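Worksheet: one structure, shown below.
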Amino acid sequence: MEITFKLIDLIIVIGICQGIFLSLTLQRISNNNQKANSVLSYLIALATLMLIGRFFYFRFLTPWVFQWSIAVDSLVFLFGPLIFLYVKRLLFKKENTYSLSIIHFLPFIGMLFFAFFYIINYTPKAYYEFFLKGNLLMYFRIISVIMIVFNMFYVLKSFQLLAKFKQTEKEVFSFEQSPIVYLKFFLFSVLACLLAWTFSLLNTTIFNKTIPFIGYDSIWVAIPLFIYVIGYFSLKQPELFRISEEKQKSSSKKERLPEAEAQLLKTKLDSLMINEKVFLQSDLTLADVSEMLQTSTNNVSWLLNQVYKTTFYDFINQYRVKEFLKKVENKEHLKHTILALSMDVGFNSKSTFNKAFKNTMHETPSNYIKKQLAA
């Protein structure tokens, strides 16, 4: 019998090789995201098992393979909780490592029981014939709906974690962190696949039509590929500056500083910015400034929120923009690029600089410089 390979076979085989490499490598790299990466390695191992299952399903579909594929499909119920756990470990820090209770994995256990019930009670041939008669179609559609809703729930909860981190980030850091962009891409990619699966399921159920390249099999080939993108990025990713949930809860109950103490702290903070120009440090954090001022992060955060009416992120970046404007006044932009000057004043990326400049000056850096040249 002649065996031919199609494009989908090549994609799956490459994905399997990548998955084995990444799941083993992420367990061995020693960076500070190790606890999050350990979850990611489990995700990649599961994705690899899914791809192996899909490969046998596409290439060697027999009654035996068809019957056991339902057990492999139960792995879909593990993706949502593990994605959520990965995001939480990556963004937030805790003395004890974040973990999930057994309740999050009950749908997976239930699906396994469902699968082994049919594996034990039916021969592969009988099960295949039972399926062809349409007796399992309604069960599979119900399971598909549960899978979509279950995974959608955890992806949306992951977006909530990301939004919470982004909201708190400006209170703690003076810079934006590049991994967040990749994390957004990852979550939006998984969400897009789930929505495509929903659309495909509705189309086949209501209109009895199939859409080429959009279905259960193709979607659960795409999701592992997105996971691999994050996996490769994690190999070279330095530690993400994470936020403590416990500290943020306590910071919401800051007490008002006495007027004399607040004025003294304000004077010291202004001196730190104007005379020592600590804002030139690109990875400056609230904790760094608090240590320089010999006070608590709660006190500095209260001062910024109540007296300056701003966040730590905006406060520091306003000084950086002012320093950039001084360089433009000194004609340094004629010798150096805008990006180089923005890095000199403490920004860590072009996007962060452009956003901060526009918020402060209400126009883009290039437009501002053009006006200065025309004046």
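The values are calculated or read from the model by the stated rules, or taken from the named source; none is laboratory data. It should be emphasised that the depicted structure is a prediction, and the values quoted were computed from it without experimental measurement. Every residue, glycine among them, receives a Cβ derived from its backbone with ideal geometry; neighbour counts consider all protein chains shown.
Of note:
- Listed by first and then second residue, the pairs with beta-carbon distance under 7 Å, at least 6 apart or on different chains, first residue in the range 149-176 and more than 15 Å from LYS93 (Cα to Cα), second in a helix (DSSP H, G or I) and charged (D, E, K, R), are LYS170/ASP314.
- A Cβ distance below 7 Å, combined with a sequence gap of six or more or placement on separate chains, defines the contacts here; from the range 99-116, residues that are under 22 Å from ALA36 (Cβ atoms) reach residues that are part of a loop (DSSP other than H, G, I, E, B) and not charged (D, E, K, R) in the pairs PHE108/SER74.
- Sole residue being modelled with pLDDT under 90, surrounded by 15 or more Cβ atoms within 10 Å (Cβ to Cβ) and either assigned to a helix (DSSP H, G or I) or of a type outside the set (Ser, Thr, Tyr) (or both), chosen from ASN348, ASN317: ASN348
- HIS336 fulfils the conditions (1) over 17 Å from SER174 (Cβ atoms); (2) in a loop (DSSP other than H, G, I, E, B); (3) in contact (Cβ under 8 Å) with a residue 12 or more places away in the chain except for a single criterion, (3).
- Of all residues in the range 35-86, those that are among the aromatic types (Phe, Trp, Tyr) and surrounded by fewer than 21 Cβ atoms within 10 Å (Cβ to Cβ) total 9.
- Boolean, LYS209 is loosely packed, with under 15 Cβ neighbours inside 10 Å, free of Cβ contacts under 8 Å to residues at least 24 places away in the same chain and not in a helix (DSSP H, G or I): yes
- Only one of the listed residues (VAL76, VAL87, VAL149, VAL65) is closer than 26 Å to PHE186 by Cβ and in contact with a Phe, Trp or Tyr (Cβ under 8 Å, 6 or more places away or on another chain). That residue is VAL76.
- Per-region count, the range 120-129, residues surrounded by 14 or more Cβ atoms within 10 Å (Cβ to Cβ) and part of a helix (DSSP H, G or I): 3
Every residue, every condition in (1) in a strand (DSSP E or B); (2) modelled with pLDDT of 90 or more; (3) exposed (fewer than 11 other Cβ atoms within 10 Å of the Cβ), yes or no:
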position: LEU240; (1), (2), (3): no, no, no
position: GLU246; (1), (2), (3): no, no, no
position: LYS253; (1), (2), (3): no, no, yes
position: GLN263; (1), (2), (3): no, yes, no
position: ASP288; (1), (2), (3): no, yes, no
position: THR295; (1), (2), (3): no, yes, no
position: LEU304; (1), (2), (3): no, yes, no
